[in-house]
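Notes to accompany the following structure.
Only the coordinates and a few stated rules stand behind these numbers; no lab work does. Note that the coordinates shown come from a computational prediction; the quantities given were computed from them, not determined experimentally. When we count neighbours, we look across all protein chains shown, and the Cβ atoms used for this are built from the backbone with ideal geometry, even at glycine.
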Amino acid sequence: MAEWFKVAGGGTLADGQARVVEVNGRSIALFKTGGRMYATDSACAHRGGPLAEGTIEADSIVCPWHGFRFDLKEGACSTNPALRLACYPARLAGDDVEVEM
């Protein structure tokens, strides 16, 4: 059964920023864009690049290593449709950021 985990304080991530957190033994990248929170695996599905160091463009993340673009909602890769990121529900809960795993 899925469970919500507190991973950060809500004020620690400004709009347009990302950071890596550990959630239930997994390395997860948190992204805040357009006032919404997103959570994905922290490594790019292409070659393992550090997604939290990439460029956030609207609801997408662009990997800093090779420019692969992933949708933050669904994990789909527009650069190579065969690739996909794992995405996790994320939310602001009062002053906290929570991720469901």
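Couplings 3J(HN,Hα) of the stretch 66-83, computed from phi: 10, x, 5, 10, 10, 6, 6, 7, 10, x, 5, 9, 7, 6, 9, x, 6, 9 Hz, in residue order, whole Hz [Karplus 6.51 cos²θ - 1.76 cosθ + 1.60, θ = phi - 60°; x for Gly and Pro].
Taking the chain, the Cys residues with no second Cys beta-carbon under 4.7 angstrom are Cys77, Cys87. Among the GluC sites (Glu not before Pro) in the stretch 22-101, those placed in a DSSP loop whose Cβ has at most 13 other Cβ atoms within 10 Å are Glu74.
Rounded to whole numbers, the Karplus 3J(HN,Hα) couplings from phi for the stretch 51-56 are 4, 5, 8, x, 9, 8 Hz, using 6.51 cos²θ - 1.76 cosθ + 1.60 with θ = phi - 60°, and x at Gly and Pro. Electrostatic tally near Leu85: other residues with Cβ closer than 12 Å to its Cβ, Lys and Arg +1, Asp and Glu -1, net 0. Near the amide H of Leu72, within less than 5 Å, lie the amide hydrogens of Ser60, Ile61, all on another chain or at least 5 residues away, with H placed in the peptide plane. Any idea what diffusion coefficient the stretch 5-52 gets from Stokes-Einstein, in µm²/s, Kirkwood Rh on alpha carbon pairs, 25 °C, 0.890 mPa s? The calculation lands on 222 µm²/s.
Can you give the net charge of the other residues whose Cβ lies under 15 Å from the Cβ of Asn24, counting K and R as +1 and D and E as -1? Every neighbour counted, the sum reads -3. Measuring between their Cα centroids, the stretch 43-101 and the stretch 17-31 lie 11 Å from each other. Between amide H atoms placed 1.01 Å from N, distances below 5 Å from Cys44 occur with Gly49, Leu51, all of them 5 or more places distant or on a separate chain.
For Rg/Rh (Cα atoms, Kirkwood Rh), the candidate list reads [x] 0.94; [y] 0.92; [z] 1.02; the entry that matches the value derived from this model is [x]. Using C-alpha pairs below 8 Å separated by at least 6 residues, the relative contact order for the chain is 29 percent. Summing charges over neighbours of Ala14, with a neighbour being any other residue whose Cβ is under 15 Å away from its Cβ, gives +1 when K and R count +1 and D and E count -1.
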